[in-house]
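Student: Please read through the structure below; I'll follow up with questions.
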Number of protein chains: 2
Amino acid sequence: MPMEQTQPLPAGSAPDLHHIVIVGGGFGGLEAVHRLAGAPVSITLVDRRNHHLFQPLLYQVATASLATSEIAWPIRQLLRDRSEITTLFATVTGVDADGRRVLLEDGSSLPYDTLILATGARHAYFGNDEWEPFAPGLKTLEDATTLRRRILVAFERAERETDPQRRAALMTFVIIGAGPTGVELAGTIAELARDTLPPDFRNIDTHKARVVLIEAGPRVLAGFADDLSAYAQRSLESLGVEVVLGQPVTACTADGVVYGNTQLDAKTLIWAAGVRASPAAEWLGAPADRAGRLMVNPDLTAPGHPEIFAIGDTVTIAAPDGHPVPGIAPAAKQEGRYVADIIKARLRGEPVTAPFRYAHAGSLAQIGKRLAVIDFGRIKLRGTLAWWIWGIAHIYFLIGLRNRLSVAISWLWIHARNQRSSRLITQGSSKVIR
Amino acid sequence: MPMEQTQPLPAGSAPDLHHIVIVGGGFGGLEAVHRLAGAPVSITLVDRRNHHLFQPLLYQVATASLATSEIAWPIRQLLRDRSEITTLFATVTGVDADGRRVLLEDGSSLPYDTLILATGARHAYFGNDEWEPFAPGLKTLEDATTLRRRILVAFERAERETDPQRRAALMTFVIIGAGPTGVELAGTIAELARDTLPPDFRNIDTHKARVVLIEAGPRVLAGFADDLSAYAQRSLESLGVEVVLGQPVTACTADGVVYGNTQLDAKTLIWAAGVRASPAAEWLGAPADRAGRLMVNPDLTAPGHPEIFAIGDTVTIAAPDGHPVPGIAPAAKQEGRYVADIIKARLRGEPVTAPFRYAHAGSLAQIGKRLAVIDFGRIKLRGTLAWWIWGIAHIYFLIGLRNRLSVAISWLWIHARNQRSSRLITQGSSKVIR
């Protein structure tokens, strides 16, 4: 490790150890860290957030089902027992690939021998960024508490609204995009309105809330088998969700959404239709696809830089079936493990030639509190059994006994009493409902 | 109830029922609601927040020990089974006492036959409002998450700071005011630094964090017996807290705090030194004390308005011992019960002449995770036994089995593993640490 660094030396790491910088403490970055345990390296993990986020359950924070602290962990605490790792709470602004340095927003830089970029993605509006204030997306804890506030405030405003048309617009919730996140949001908002909220209001009947799921493609859950898509759609409709297919949204405003010839009045829009990669490709000046995803080599290295790996939602690479590897947690984890194994082999002086091969374990989506669909490829599950597998799998993948207990209790209360524990409107008093 | 109201009629309430408006869903307001169960009245509860807050544990949110949803409940949900109650999420801007109307911020108004003002207090700076940005106080959930962010970010900045003097200022935490909140904050921050954080950092030794508790008066916990104050001070000092007594703070700035001839460099200041009542007295044009507290009649009515009651932190009244009734939850609850009983007696046509008599059950304060002091008057407890009573009492007073379970689990984890579940820096990325 060069000595002219501007950051303090990681404590406990000898300066002659191979130094790995990992940018991003999501699923991919953390999995690489775990797989590197015991290797003769020092590691600096940089993240602009102080916490790892369990994104697959973020929609449950947005719908008041879980608390923020149930799906987020301080990265420092997760890595506290690994003395070779330094955690840095900082924002990366670029990479000096020739000088082998990561550039930080405070003007300092961080040298590396090997770099792993695991910087994820944000939601994206395909050139319509002006839609964001009206149709916010869901990628961070703040996104989730903002959505939660908007959903709960819409019901509060409806309770006080006397004009029928304005009240109807306040009680219309539109989710744009019917991938797993869109489907899960639509199902949970419908249940919130049907099961949790009715006894609480006096002037409105929350059963009458409209939840509209709009998808540009021909079916919901396009990543699943056809019959599971059809089942998911029927299940959503039985929860009261209106499913609109084959309709790209052409406008999002403060008053609602436009698709085809339809203007739908709605005060709450949620964007679940697409993501854009973090600027890893820009940092490297390397080729990217339309969504900004870095086009990596088959061994997940950046073009021309065998010492730079990129993994997770910030890259695009083909799966063995020819389709792109999906942007889901298991894919990012597999890539993290693969990269860690390459680095360890290189340090042992062994050549690695096997390209990364993605193995798809399955696709899961929850539809409301008692149903789910699971596509394992040959085996397809749906209904209550699928829901149990979905629930157990998600609790299993949470980190730590405490959060597993806590999430299990939260779900128990939703099932047994229809109580959602986190119906808090924060960051804004009643003035927001004017 | 007059028919010219501008708010929709509460569903389920006949227009000829006696209509009570309660402003504020804190301990006093909710207790009045509970005590009015079964009375021939309709009730509108107005709050500018959608949640009731268990303020006695707010310091545990600020110190990452509890999640926001563990100490807050949607008011609507608490009152869902009482069909005679309408909950209104709105901000009150005044009272038209002659016209018997509560004025709301959207220009509408709410008629009442009887009004209960239970609007609480905010922290106050005794004419030094310019100190607030540097020394925030602790009254709302947002105050708590803001303090949590400041405390956690200070350690993060210290980890990256190479200048020893600036690093020392980042690792100095000053709490101004040694009442129960100040003592509890100081003890918990000291434990956070001593027990929870040390293994997580590489460049700083969080044991070296300074926690300084500054009090203008001659002792900590002035509301407790002398020997308990002395015990609390010794206990704090054994946790590493520096206790400074008899020193009014004369300046709070971005660089630290000034008291006497001392300029103490500190990047994190917390204000726990005083409160100011909500503007209930201003709304009524009625006399108030120096802290803005409405001076109520012995039956808690406002001067000249037997149909207006005021309770809790927004009023001042003498206890039987001649001292003012303290601003604590049990006092607000007793006042809420007393007022509800008067209203019920009036509706039965019975005269009520007995003035409100405050009965002090005891004072409790936690000092770190294993010690507490309890002053029951004749019986005084301290140490571990007092901590168990403190803990059980607080879990008992939480609302609902779910939150009791959840808080018990959170505390178990703090005790057994020194893990604090809510170490989340939200509402600001790493850019806040520049």
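Student: Within the set of pairs 6+ apart or on separate chains, which have a first residue in the stretch A:269-282 that is basic (Lys, Arg), a second that is surrounded by fewer than 24 Cβ atoms within 10 Å (Cβ to Cβ), and C-beta atoms under 7 Å apart?
Tutor: Once the first residue is basic (Lys, Arg) and sits in the stretch A:269-282, its partners that are surrounded by fewer than 24 Cβ atoms within 10 Å (Cβ to Cβ) give A:Arg276/A:Ala121; A:Arg276/A:Arg122; A:Arg276/A:Ala124; A:Arg276/A:Ala291; A:Arg276/A:Gly292.
Student: If A:Cys252 satisfies all but one of (1) in a helix (DSSP H, G or I); (2) touching a helix residue (DSSP H, G or I) at 6+ places or on another chain (Cβ under 7 Å); (3) closer than 29 Å to A:Glu161 by Cβ, what's the number of the condition it fails?
Tutor: Only one criterion is unmet by A:Cys252, namely (1).
Student: Another question, if that's okay. Is the stretch B:334-341 home to any residue that is hydroxyl-bearing (Ser, Thr, Tyr), surrounded by 18 or more Cβ atoms within 10 Å (Cβ to Cβ) and in contact (Cβ under 8 Å) with a residue 40 or more places away in the chain?
Tutor: no
Student: Can you tell me which residue within the stretch B:41-57, out of those that are at the interface with chain A (Cβ under 10 Å from one of its Cβ atoms) and surrounded by 22 or more Cβ atoms within 10 Å (Cβ to Cβ), is farthest from the chain's Cα centre (by Cα)?
Tutor: B:Thr44
Student: Select, from A:Ala225, A:Ala193, A:Ala216, A:Ala158, the only residue that is more than 21 Å from the chain's Cα centre (by Cα) and surrounded by fewer than 19 Cβ atoms within 10 Å (Cβ to Cβ).
Tutor: A:Ala225
Student: Please state which one of A:Tyr358, A:Tyr396 is more than 14 Å from chain B (Cβ to nearest Cβ) and farther than 19 Å from A:Gly223 by Cβ.
Tutor: A:Tyr396
Student: Would you please name the residue that is farthest from the other protein chains (Cβ to nearest Cβ), looking only at residues in the stretch A:399-417 that are free of Cβ contacts under 8 Å to residues at least 12 places away in the same chain and crowded, with 16+ Cβ neighbours inside 10 Å?
Tutor: Out of the qualifying residues, it is A:Arg404.
Student: Then there is this: Restricting to helices (runs of 4 or more DSSP H) lying wholly in the stretch A:149-242: which have 2 or more residues that are under 30 Å from B:Asp106 (Cα atoms) and in contact with a helix residue (DSSP H, G or I) (Cβ under 9 Å, 6 or more places away or on another chain)?
Tutor: Here the list reads A:164-170, A:180-191.
Student: With the requirement that a residue be of a type in the set (Phe, Trp, Tyr) and either surrounded by fewer than 16 Cβ atoms within 10 Å (Cβ to Cβ) or closer than 23 Å to A:Leu53 by Cβ (or both), what does the stretch A:103-126 give you?
Tutor: If the condition is that a residue be of a type in the set (Phe, Trp, Tyr) and either surrounded by fewer than 16 Cβ atoms within 10 Å (Cβ to Cβ) or closer than 23 Å to A:Leu53 by Cβ (or both), then A:Tyr125, A:Phe126 are the ones that fit.
Student: Looking at (1) among the basic types (Lys, Arg); (2) crowded, with 17+ Cβ neighbours inside 10 Å; (3) modelled with pLDDT under 95, which is the only condition A:Arg293 fails?
Tutor: That leaves (3) as the condition not met.
Student: Follow-up. Would it be correct to say that A:Glu70 is within 8 Å of chain B (Cβ to nearest Cβ), in contact (Cβ under 8 Å) with a residue 60 or more places away in the chain and either of a type in the set (D, E, K, R) or in contact with a Ser or Thr (Cβ under 6 Å, 6 or more places away or on another chain) (or both)?
Tutor: Yes, satisfied.
Student: Another question, then. Every residue in the stretch B:76-116 that is at positive phi and within 11 Å of chain A (Cβ to nearest Cβ), please.
Tutor: B:Gly107
Student: Would you please list the contacts, defined by Cβ atoms under 9 Å and residues six or more apart or on different chains, that run from a residue in the stretch A:86-102 that is within 21 Å of A:Asn50 (Cα to Cα) to a residue that is in a loop (DSSP other than H, G, I, E, B) and of a type in the set (Val, Ile, Thr)?
Tutor: A:Phe89/B:Ile425; A:Val92/A:Thr119
Student: Condition (residue is under 30 Å from B:Ala372 (Cβ atoms) and within 14 Å of chain A (Cβ to nearest Cβ)) applied to the stretch B:27-39: is it met by at least one residue?
Tutor: Checked against the condition, which is being under 30 Å from B:Ala372 (Cβ atoms) and within 14 Å of chain A (Cβ to nearest Cβ), the stretch B:27-39 yields no hits at all.
Student: At least 2 residues that are among the hydroxyl-bearing types (Ser, Thr, Tyr) and at pLDDT below 95 in each: list the strands (runs of 3 or more DSSP E) lying fully within the stretch B:1-71 that qualify.
Tutor: Of the strands (runs of 3 or more DSSP E) lying wholly inside the stretch B:1-71, none has at least 2 residues that are among the hydroxyl-bearing types (Ser, Thr, Tyr) and at pLDDT below 95.
Student: Residues to consider are B:Leu371, B:Leu264, B:Leu364, B:Leu284; find the one that is out of contact with any helix residue (DSSP H, G or I) (no Cβ under 6 Å at 6 or more places or on another chain) and either modelled with pLDDT under 95 or within 21 Å of B:Gly182 (Cβ to Cβ) (or both).
Tutor: Criteria check complete, one pass: B:Leu264.
Student: In this structure, does B:Ala144 turn out to be in the same structural domain as B:Val41 (by TED's automatic domain parsing), among the small types (Gly, Ala, Ser) and touching a residue at least 12 places away in the same chain (Cβ under 8 Å)?
Tutor: No.
Student: Can you name the residue in the stretch A:252-263 that is without any contact (Cβ under 8 Å) to a residue 60 or more places away in the chain and surrounded by fewer than 19 Cβ atoms within 10 Å (Cβ to Cβ) and, of all such residues, is nearest to the chain's Cα centre (by Cα)?
Tutor: A:Val258
Student: Within the stretch B:364-386, is even one residue in contact with a Lys or Arg (Cβ under 7 Å, 6 or more places away or on another chain) and exposed (fewer than 14 other Cβ atoms within 10 Å of the Cβ)?
Tutor: yes
Student: Would you confirm, using the coordinates I've provided, whether A:Ala222 is at pLDDT below 95 and more than 28 Å from B:Leu45 (Cβ to Cβ)?
Tutor: Against the criterion (at pLDDT below 95 and more than 28 Å from B:Leu45 (Cβ to Cβ)), A:Ala222 qualifies.
Student: Let me ask something else. Taking the stated definitions as given, is B:Glu142 within 8 Å of another protein chain (Cβ to nearest Cβ) and either part of a loop (DSSP other than H, G, I, E, B) or surrounded by fewer than 23 Cβ atoms within 10 Å (Cβ to Cβ) (or both)?
Tutor: Considered against the rule, which asks whether it is within 8 Å of another protein chain (Cβ to nearest Cβ) and either part of a loop (DSSP other than H, G, I, E, B) or surrounded by fewer than 23 Cβ atoms within 10 Å (Cβ to Cβ) (or both), B:Glu142 comes out as yes.
The values are calculated or read from the model by the stated rules, or taken from the named source; none is laboratory data. The model shown is predicted, which means the values in this text are computed figures rather than measured ones. Here Cβ is always computed from backbone atoms with ideal geometry, including for glycine, and neighbour counts include all displayed protein chains.
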